[in-house]
């Protein structure tokens, strides 16, 4: 379902809906939400999440919706010593 979007607040470009994955840190844990309908400016790339979509994500994070599956994520700690010049 396509949601209505106004022109981009920042540059005035056309905003079109895309389905993308959204990473959210919630209470110290990383959550991945797939296929989120987000408006993306075709000119500057600014992203817009509509209030009803944000509320649905909040319900997921609050535990009202069980996760579909779990994934493992490689984790690295950045070290100044390991920088490549």
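Just so it is clear, none of the values below were taken in a lab; they were calculated from the coordinates. Worth saying up front: this structure is predicted, and the values here are computed from it rather than measured. Glycine also receives a Cβ, built like all others from the backbone with ideal geometry; neighbour counts cover every protein chain displayed.
How far apart, in nm, are the 7 Å Cα→Cβ label points at residue 70 and residue 9?
With each label placed 7 Å out from Cα toward Cβ, I get 3.7 nm.
May I have the pair-distance distribution P(r) for the stretch 4-65, computed from all Cα-Cα distances with 10 Å bins from 0 and rounded to whole percent?
Bins of 10 Å from zero give 22, 46, 25, 7 percent of pairs.
Taking the chain as the reference, fit the longest principal axis to its C-alpha atoms, fit the long axis of helix 51-61 to the helix C-alpha atoms, and give the angle between the two in degrees, 0 to 90, nearest 10.
Between the helix axis and the principal axis of the chain, the angle is about 30 degrees.
Can you list, bin by bin at 10 Å, the percent of alpha carbon pairs in the stretch 29-85, starting at 0?
It works out to 16, 32, 27, 20, 4, in whole percents.
Output the relative contact order of the stretch 1-65, whole-number percent, from Cα pairs under 8 angstrom with separation of 6+ residues.
26
Any chance you could run the full-extension gain for residue 48 through residue 21? It's 0.36 nm times the residue separation minus the Cα-Cα distance, nm to one decimal.
Extending this stretch completely gives an extra 8.4 nm.
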